[in-house]
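Each remark here refers to the structure printed beneath this line.
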Amino acid sequence: MEVNIILKNYIFKNKKILVAQEKERIDWVSLIKPTAEEIKYITSKHFLPRDIIRESSNLNTASHINYITNLKQQQITEILLLCAGEGTFGKNNVTTGYPLLILLVDSTIITVANITLPFIEKPSKLSESNNREELAIHLISAVYEEFKKQLLKIESEIIEVERDIHKLQTNGAGLDRLAACQKSIVFLESALKSNEKAFQYILGHYEKLFLNNTKYKDKQYQLRIQRLQTLKLAKTLTTLISQLSDMFSNIISYQLNIIMKILTELSIIITIPTIIVGLWGVNTKVPFQSSMPGFFIVSIITVIATLACYIVLKHIKYL
């Protein structure tokens, strides 16, 4: 049986991936939508509880870090983070948070995800003395980079929607795009908030998680910067999307007011001939009733009265 393994027994030296010696051995097993057979194989090989793998398929799970001991009395570090990924919600294509499970087992790192994540690939920036801790840091960093990438895509979409608004193109497509952006922002903010506790724990227990604390001090700083940039961008986009929604509402209200104004103007102008024709239609004596050109005279009076009403409304700037 084959398991989806991206890298196995590698070492990164001089910008080349080389076969590692046994003492330098690092296995990276990446599972994407694992089958029941794959889960059974991995859990049996590393003496893991099967529920720990299945957890990555639960979209309602929260980010966390756990330490568990397997049947061989080995300590296993379980890191579960939510990462940005594209999906569908109703009729909209949105960006939401998907669980990424990272397991540090002896000399092996296991990653499990329910979707294909673009950063689950060969790491290109590992040092010569790489190990599973460095690989884990690389993945955690990539999670926040992917958040930032998806947020920037949403920012571009917001800019396009804003251009349409300025052109008064408040059509159904524009509203759908705005709704998709709003949903994506909500999902990503929720995922980032869920990651916060786990991330704070990572920073607070860096030495316990990654033994060579001094060596990874610069990476710890980079992770902090990535986190702050991502959170700030998400907050900024939330404000922008809120302002954009208000702008959409104001423009729609403005257009509705224009329509109501036009209808009111037409009603006032049409009322004049209606009144005049109604007066000449009653069963009483009225001027020009017996006159042959009476119809034309009444019609001329009606036109003059209507034009006078239009000129008055125009003069008072109602039209």
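The values are calculated or read from the model by the stated rules, or taken from the named source; none is laboratory data. Just so it is clear, the structure is predicted and the values come from calculations on it, not from any experiment. Virtual Cβ from ideal backbone geometry, glycine too; neighbours counted across all protein chains shown.
Those residues that are at positive phi and under 27 Å from the mean Cα position of the chain (by Cα), I need them from the stretch 52-90; list them, please. Before the answer, list the steps.
We begin by selecting, within the stretch 52-90, every residue at positive phi; these are 73, 90.
Listed by number, the list holds a single entry, GLY90.
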Which of the residues that make up the stretch 78-111 are aromatic (Phe, Trp, Tyr) and modelled with pLDDT under 80? PHE89
Can you name every residue in the stretch 41-65 that is touching a residue at least 60 places away in the same chain (Cβ under 8 Å), under 14 Å from LEU100 (Cβ atoms) and outside any strand (DSSP E or B)? ALA62, SER63
(1) in a helix (DSSP H, G or I); (2) modelled with pLDDT under 85; (3) out of contact with any strand residue (DSSP E or B) (no Cβ under 7 Å at 6 or more places or on another chain); (4) not aliphatic (A, V, I, L, M) all hold for LYS183 apart from (3)
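Just to be sure, is GLU196 modelled with pLDDT under 70, surrounded by 11 or more Cβ atoms within 10 Å (Cβ to Cβ) and in a helix (DSSP H, G or I)?
Numbers: modelled with pLDDT under 70: no; surrounded by 11 or more Cβ atoms within 10 Å (Cβ to Cβ): yes; in a helix (DSSP H, G or I): yes.
Here the answer is no, as GLU196 does not meet what is asked.
Just checking, which of LYS219, LYS235 is at pLDDT 75 or above, within 32 Å of the chain's Cα centre (by Cα) and assigned by TED's automatic domain parsing to the domain that holds LEU175?
Just one listed residue meets the conditions, LYS235.
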